[in-house]
1. For the ranges 103-109, 181-187, what's the packing order if you count other beta-carbon atoms within 10 Å of each residue, average per peptide, and put the highest first?
2. Please list 41-47, 264-270 highest first by mean number of surrounding beta-carbon atoms within 10 Å per residue.
3. Measure off 7 Å from each Cα along the Cα-to-Cβ vector at Q146 and V16, then give the distance between these two points in nanometres to one decimal.
4. Once you sort the root eigenvalues of the Cα gyration tensor of the range 217-376 as a ≥ b ≥ c, which label holds: rounded (a/c under 1.5), prolate (a/b larger than b/c) or oblate (the other case)?
5. Give me Rg/Rg_expected for the range 199-258, where Rg uses Cα atoms only and Rg_expected = 2.2 N^0.38 Å with N residues.
6. Going toward the positive end of the dipole of the chain, with +1 on Lys and Arg Cβ and -1 on Asp and Glu Cβ, which of M426, L365, M211 do you reach last?
7. Based on the alpha-carbon gyration tensor of the range 99-252, what equivalent-ellipsoid semi-axes (square roots of 5 times the eigenvalues) come out, in whole Å, largest first?
8. Checking the a/c ratio against 1.5 first, then a/b against b/c, what shape does the Cα gyration tensor give for the range 1-127?
Amino acid sequence: MRSSWILTLLILVGLVLGTIAGQLLYDPEFNLSQPDSEHAHTTALAVFDFLGNTIFMGLLKMMIIPLVATSVVVGVTSVGDFRKLGKIGGWTLVYYVSTMLIAVTLGLCLVTAFKPGAKIDEQRRAEAEVGFSQDTDKVEALTAKQQEGLMGAVRGLVSQIIPLNIVAAAAKGQPLPIIFFSIFFGVVVTMIGPRNRIIIDFFNATFEVLMKMVHAVIWLAPVGVFALLAWTVARIGLSVFASAISTYMFVVLLGLGIHGLIVLPLILKLFAKVGPDGSTNPYRFMKQMRQAIMTAIGTDSSSATLPVTMECATEIGGVSKQSAGFVLPLGSTINMDGTALYEAVAVVFLAQAYGMQLGVATLVLIAITATLAAVGAAGIPSAGLVTMVIVLDAVNSNVIANDPTVSPIPVAAIGLIIGVDRILDMFRTAVNVWGDAVGAKIIDRFCT
Ligand code: ASP
């Protein structure tokens, strides 16, 4: 227990020092005062990228597919009973959808109340559109998503679930097909009688080994999050918090804060089983999940954080292997409260900035499409920004269908918020991961 607190402290120090180092690197005055500053700047960025993305993220990502496969099989086979499994699956989906809808509604109320987009003028919009067109990678990704449309995204998600080739899916690092295959596999394992012992023992032992490997990798988290934070902040700078879109950032962060610190703990308190020590304090569980939450802030990725989430939930948070094995892997790719809230706020912000009036029906449409777009977003950095174009398109079509004289919000409007996306991604990923953990704790009550 003591080593867990030492590690927490070290990760926290990593987060703070990474932010400071990144800001110093970003700060032009500091940079210009150094001789050969451009070279030093590039080298420092490359070192941070190597330590954070190549080493730390690489080690976490390396664990994802084996961990997803074994944890799901362990979860399913330890539940055993097919009917019970159906009940767990059903309640898990109810939990995912309802918490995402609550998050979206909260975001819509806040963005409507604060109206952050009203402050954006013509010149700022034009600059953002020009800036956006120069970001070719993003333009490509967003255009592809836009062409896919809402139905295309849903179809893509469903077709991804059933893999044509399970080995190819694993090689591409796609968790959803592996989850589907592992559930199916696990269910059939429970049906073959006593001969299944060897398979169950194998998966349980492999899961244990993988968790020990994760335990070792977690000790790199302080350096990993330091490097990732420095790498991110050095390219964006903290001055964005005082920029023209600071109110927009404030609304997103306020919504994420309310959802993560009040709504989810309240849901946990109301629906989770009382702990073995009689404790019902939801913040105690949040404390137990702290390393996962901080890793999410550092990595911007629910999927890369999954090994740490698994470790915290089962080893410290007392979540059973059954519910962790089922709820966490699935949640890391489809349950995204933070992303859903963010997408709704962002689209309404852009509508306000472009003077588009949104009626109640359009707001309801945003709530639904933002939830679907968040489900469709992968657990990787900036996925929410890309799937947001689906919500934007739905709003444009809906508003124009009612009034053809209205001009649509251009995709290039995303240029207004692209610069701060990575910073907001840290916090929405933290909420996504925390939402998964709360779900696993709640679903635990159906496992025993
Ligand atoms: N980065 C987020 C996650 O991995 C997804 C997003 O971009 O919103 O959970």
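Please treat every number below as a calculation from the coordinates, not as lab data. Only a predicted model underlies this, so the values are computations on that prediction, with no experimental measurement involved. A quick note on method: Cβ atoms are made from the backbone with ideal geometry, for glycine too, and the neighbour counts reach across all protein chains shown.
1. Packing proxy ranking, top to bottom: 103-109, 181-187.
2. The packing order, highest mean first, is 264-270, 41-47.
3. So the two model labels end up 4.4 nm from each other.
4. oblate
5. Expressed relative to 2.2 N^0.38 Å, the Cα Rg reads 1.89.
6. M211
7. 43, 23, 18
8. Note, shape of the range 1-127 comes out oblate.
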